[in-house]
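Novice: Starting off with a structure, shown below.
Computed from the coordinates by the stated procedures, all read-outs in this text should not be read as laboratory data. All values derive from a computational prediction rather than experimental measurement. Ideal geometry is used to build each Cβ from the backbone, glycine not excepted, and the neighbour counts take in all protein chains shown.
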Amino acid sequence: MQNNTAQIDRFLRSVAPNHSTHKEIILFASGCTPSVQTVSRMAVAWNIPHITYVGTDESLGNKVEFSILTRLSYNMNVFAKFYVDVFDAFEWTDIANIYDEDEYLPNLVGTSLQVSVTEMHLY
């Protein structure tokens, strides 16, 4: 990611030497959550909007850290709420949350579901 960061920084400096005064620049970036986090932190430092169609991890909802990130997709909290609504609709109360900790996406979904359900004090 370091090389990408340097390349993006060089590009932005070439088109707008003073990022904070050029509001016409917007970062449209995709990738896995760690990439979105990195690019969004750079966007905050440069004071330019960051828009992504991914970035489902609930940590990206932290508007203090990711103050100018806009996600055009659902987040894991909404995903977890959907599952909780299904559980409620079928009146299921005993639920096993099984996922592969060694695989990124299953781990993301599994841990996010567990955190959301725990925070909602539902099960």
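Novice: Give me 41, 71 sorted ascending by neighbouring Cβ count inside 10 Å, so fewest comes first.
Specialist: 41, 71
Novice: Give the span of region 28-123's Cα atoms along each principal axis, as three whole-Å numbers ordered largest to smallest.
Specialist: Taking the Cα atoms of region 28-123, the three principal extents are 48, 25, 18 Å.
Novice: What does the charge add up to near residue 31, with Lys and Arg as +1, Asp and Glu as -1, over the other residues with Cβ less than 13 Å from its Cβ? Each step should come with its number before you reach the end.
Specialist: Values: positive: 71; negative: 57.
Taking every Cβ under 13 Å from that of residue 31, the sum is 0.
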